[in-house]
Amino acid sequence: MLTIVAKGLYYKALNRQIRESLSHGAKEIILRNVLGQRYIAGGINSSAVFHIHGTPGQDLGAFMNGPRLIVYGNAQDGVGNTMNAGKIIIHGKAGEIPGHSMRGGKVFIKGDVEYRAGIHMKEYLDQSPWLIIGGTAKDYCGEYMAGGRVVVLNLNNRKPSPVGYSVGTGIHGGVIYVRGTVHQYQLGPGAIFADIDESDVKFLETALNEYENDLDVDLVGITIKEFVKITKQGHRPFGNLYTPGMNIKTQMPKHFNLTPPCTFNCPTGIPTPVFFNLIKAGKVKEAQLLMDEYTPFRVSVCGTACPAPCMDACNRNVIDGPVQIRLLAKTYYPKFKPVIKGRKRKETISIIGSGPSGLSAAWQLSRQGYQVRVYDAMDDVGGKVRKAIPRERLSDETLNRDIMRIRSLPIRFNLGVRINRTAFDEIYNQSEIVVVATGAHITKKISYNGGDRILSGLEFLMDINDGKSMDLSGKDVAIIGAGNVGMDIACESWRLGANEVTAIDIQKPLASGKELALATELGTKVLWPKAIEKLDAKKIYFKDGTTIKADVVFFSIGEIPDTSFLPDSVFLDERGYMITSEKSFRSSDIKIYGCGDINKPGLITDAVGSGRLAAMEIHATLAGEEFVYPEKNLVPTRRIQTVYFGDEEDEIDRCMSCGTCIFCDECIDQCPHGAISRNGEIFTIDPVKCTLCYTCVNVCPRGAIQSELLKELINEDGA
């Protein structure tokens, strides 16, 4: 039996540890010192038994499929939320909505529960969920039930009634059994009293016997006649409120913009069609100011180092190849200094790390008027963009073009300063907010027999950019890890005289784009799947019995962050990354935010995008506003009418502005009933003239006029 001490563990870390234990064969787990951790056993498909000591947080056992959970104490809201199979036994009370949307399994609670117990319970195939409450339940017990059984035992004989008001509101399936008095006025719409029949007696006898054994309670003296049965009214209690299945064309067309695939795929979120449309309208400076809202790295990253997922996703690929977004980003580079759009603010924000995420955050916050200080251990800014990308792919001249615009802002840079715990505490006390953007620089390693000679590929690249190149003349080089960084190592190895270069991976290599193309053109071999058994001074031995020559071996399987300077108030996961809430960049310490590889590894553009979003959240927090994480709704590919495109001469005109209206008025011209009109940017559809023919939807070249059932349209395309 395995024991996990949950004290101080963040819920994600605890749940990950549970899953890892199960994957290693654990069948019975004791969790001690649990206090508020959410989603314990959530989604687990297993027959494992969990003994939980303490108070688990919300959604205990959510979506689970088979485990048995025994809680020796109370539980919070949402016990058994949408569970499919298994059993949850609570030796105490539970909060609101226990059994929410259960479609199978059993939840036994010894004490009282709060509001909406059993809401939306349902039956699925031959599964019928049980929710048995030993104490009482408050209002809306059994609300909108569609199946299953709820039993309120009232073991303490609470009077005048063990349930609140609106019992069974909207019930259209299943049964509620209450031991004690329930008055007519306590029932919700659609619920009625019914007589207990033989099937009810059989169920209650079976259920009470099982409950008594699991919770070790004495139910002697309780009789079936003490129960009141509550169920639905008739076969379809709300049938008069429903209409037959609707054709999608019962919904009015609506004009609104969706997310184009280039923007959807861009981690920075750059609205490329809007940028291009402004330029085509002669509003070049407005377009450049728009780009400043998203990134300061328009030539070094967007135009050069980024693998261009925007171009990979471009719908123009189905006609004649993608729009050359990289080229256009460089063509329309601004000649003016960045604009500080906010008033000068008193708050000081300190940023640890001057890589792409840290500089992105500094750029955004300084332009908002904040006092921004940036600290970095290196003697120049840029992080891995400066130090790890080969000069052949990104020259200092190109990078400096963006860096000079960033440094033109009133940002105070403190370079050559390595931050330890003491220095961090001092910075923390002098700042309203601290942003940790130190990236990941510690090379991941795997222990192999004879593997002591394996070198760090990242350090190899950084040494080259610092003028400390290795001499690989005539050497056979092997690279463990075949991602894009591995391809950079391969290209540099060839340049330094290598005789042969081989990249090895245990899985399908992640390398793609120009990095992979250049490395393979130079002669790099990529071997996969290959599992290494051992190394000696000259060879690598694989578990399949094959070998390769390797005078020099590099690791390139990623890096992990150095978090030794962070205070204990910042929670880390078991891999060493900073833990933040979903769609947030704030750590467990309310003054500390993280962005870039300190949170999770990604592309350079992921780092730039996370720095921007972290800055947005910080600004909203300091301004006392709600931070709204920007969502993306991809325009369905089938809604782009490619027949309209193909003969453009200028590169910028090749953009089809997918999902983004350019006011071409094709919908107005083609409407057979004249139902659509436009006043400036406002489209109006006359509900009297519109016959729902959807001609406008089908002729819109860009998919900017859609059905109101947007989600259904998106789901049709699997977007």
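What does the charge add up to near Ala519, with Lys and Arg as +1, Asp and Glu as -1, over the other residues with Cβ less than 15 Å from its Cβ? Write out the running numbers ahead of the final one.
Numbers: positive: Arg393, Arg495, Lys514, Lys525; negative: Glu392, Asp488, Glu492, Glu500, Asp505, Glu515, Glu521.
Charge balance near Ala519 sits at -3.
Using a cut-off of 21 Å between Cα atoms, the listed pairs Lys583/Lys632; Lys530/Lys600; Lys514/Lys543 include Lys530/Lys600; Lys514/Lys543 as exceeding that distance. The trypsin sites (Lys or Arg not before Pro) of region 300-346 that DSSP puts in a loop, and whose beta carbon has at most 14 other beta carbons within 10 Å, are Lys335, Lys341, Arg343, Lys344, Lys346.
Computed log10 I(q)/I(0) for region 426-571 at 0.19, 0.20 Å⁻¹: -1.10, -1.20, from the Debye equation with unit scatterers placed on every C-alpha and solvent omitted. If the label point is 7 Å along Cα→Cβ of Leu35, which residues in region 45-63 have backbone nitrogen under 18 Å from it? Counting only backbone N, you get 52-58. At each listed q (0.11, 0.12, 0.21, 0.23 Å⁻¹), what is the log10 of I(q)/I(0) that the Debye formula gives for region 131-241 modelled as equal alpha-carbon point scatterers? For the requested q values the scattering log ratios are -0.32, -0.38, -1.13, -1.33.
Under the combined filter of DSSP loop state and at most 10 neighbouring Cβ atoms within 10 Å, region 179-218 retains none of its chymotrypsin sites (Phe, Trp or Tyr not before Pro).
Contact order normalised by length for the chain, with contacts defined as Cα pairs under 8 Å and 6 or more residues apart; what percent is it?
Dividing the mean separation by the residue count of the chain yields 9 percent.
Once all protein chains are placed together, His53 keeps about 60 Å² accessible to a 1.4 angstrom probe. Using the Cβ-Cβ distance between Asn400 and Asp568 with R0 set to 41 Å, the FRET efficiency works out to roughly 0.55. Placing unit charges on each Cβ (+1 for Lys and Arg, -1 for Asp and Glu) gives the chain a dipole about its Cα centre, and among Ser161, Gln507, Val175 the Cα reaching farthest toward its positive end belongs to Ser161.
One entry in (1) 38.4, 123; (2) 33.7, 130; (3) 31.2, 92 is Rg and Dmax of the Cα atoms in Å calculated from the shown coordinates; its label is (3). Counting Lys and Arg as +1 and Asp and Glu as -1 over every other residue whose Cβ lies under 12 Å from the Cβ of Gly674, the net charge comes to -1. Evaluated with a Cβ-only charge set (Lys, Arg +1; Asp, Glu -1), region 5-74 carries a dipole of roughly 120 debye about its Cα centre, given to the nearest 20. Listed by chain and number, the lysines whose alpha-carbon sits under 27 Å from that of Lys110, ignoring those within fewer than 8 places in the same chain, are Lys7, Lys27, Lys87, Lys93, Lys122, Lys138, Lys159, Lys202, Lys225, Lys229, Lys232. Within region 194-208, which residues have the backbone N less than 18 Å from the label spot 7 Å out from Leu219 along Cα→beta-carbon, could you tell me? Backbone N within reach: 196-208.
Would you list Met578, Met462 from the most to the least accessible area, probe 1.4 Å? Don't skip to the end; give the middle numbers.
Numbers: Met578 5, Met462 35 Å².
Final ranking, largest accessible area leading: Met462, Met578.
Averaging 1/r across all pairs of distinct Cα atoms in region 332-445 and inverting the result yields a Kirkwood radius of 14.9 Å. Pairs of Lys residues in region 256-354, spaced 8 or more positions apart or belonging to different chains, with C-alpha separations under 21 angstrom: 10 in total. Note on region 19-112: Cα convex hull, mean projected area over all directions, 4.8 nm².
For a paramagnetic label modelled on Lys508 (point 7 Å from Cα along Cα→Cβ), amide N atoms under 19 Å away belong, within region 296-317, to 309, 312-313. In this structure, the amide hydrogen of Ile88, modeled 1.01 Å from its nitrogen in the peptide plane, lies closer than 5 angstrom to those of Leu69, Lys106, Val107, Phe108, counting only residues at least 5 positions away or on a different chain. Think of it as helices only: each DSSP H run of n ≥ 4 in the chain is worth -39500 (n - 2.57), and spread over all residues that comes to -7000 deg cm²/dmol at 222 nm.
Filter the chymotrypsin sites (Phe, Trp or Tyr not before Pro) in region 1-59 down to the DSSP loop ones having no more than 11 other Cβ atoms within 10 Å, then list what survives.
Working: sites: Tyr10, Tyr11, Tyr39, Phe50; in loops: Tyr10, Tyr39.
Here no chymotrypsin sites (Phe, Trp or Tyr not before Pro) fit, given the DSSP loop and packing criteria.
Ordering Tyr165, Tyr72 from largest to smallest accessible area (1.4 angstrom probe), what's the sequence? Display every interim value, and only then the final one.
Working: Tyr165 130, Tyr72 95 Å².
The ordering from most to least exposed comes out as Tyr165, Tyr72.
Per q in 0.13, 0.17, 0.22 1/Å, what log10 I(q)/I(0) does a Debye calculation on the alpha-carbon atoms of region 312-389 return? With no solvent term, the Cα-only Debye profile gives -0.63, -0.86, -1.01. The share of C-alpha pairs in region 440-493 whose separation exceeds 19 Å stands at 29 percent. Simple spin-label estimate for Tyr629 and Asp653 gives 4.2 nm between the two label positions (7 Å along the Cα-to-Cβ direction from each Cα). Its relative contact order, with pairs defined as Cα atoms under 8 Å and 6+ residues apart, puts region 435-578 at 31 percent.
If Lys and Arg each add +1 and Asp and Glu each add -1, what is the summed charge of the other residues whose beta carbon sits under 13 Å from the beta carbon of Gly66? Cβ neighbours under 13 Å give a net charge of +4.
For Leu289 and Asn679, FRET efficiency with R0 = 35 Å and r from the beta-carbon atoms, rounded to 0.05?
E(calc), rounded to 0.05, equals 0.85.
About its Cα centre, how strong a charge dipole does the chain have in debye, to the nearest 20, once Lys and Arg get +1 and Asp and Glu get -1 at the Cβ? Spell out each step's value before the answer.
Working: 83 positive and 82 negative charges, 176 e Å.
It works out to roughly 840 debye.
Each residue of region 673-686 is assigned a 3J(HN,Hα), and the resulting list reads 10, x, 8, 10, 9, 9, 10, x, 9, 9, 9, 10, 10, 6 Hz, derived from the Karplus form 6.51 cos²θ - 1.76 cosθ + 1.60 (θ = phi - 60°), x at Gly and Pro.
The values are calculated or read from the model by the stated rules, or taken from the named source; none is laboratory data. Since this is a predicted model, take the numbers as computed values, not measurements. Every residue, glycine among them, receives a Cβ derived from its backbone with ideal geometry; neighbour counts consider all protein chains shown. Keep in mind that these areas ignore ligands, DNA and RNA; they rest on the heavy atoms of the full protein, side chains included. Shrake-Rupley method; radii C 1.70, N 1.55, O 1.52, S 1.80 Å.
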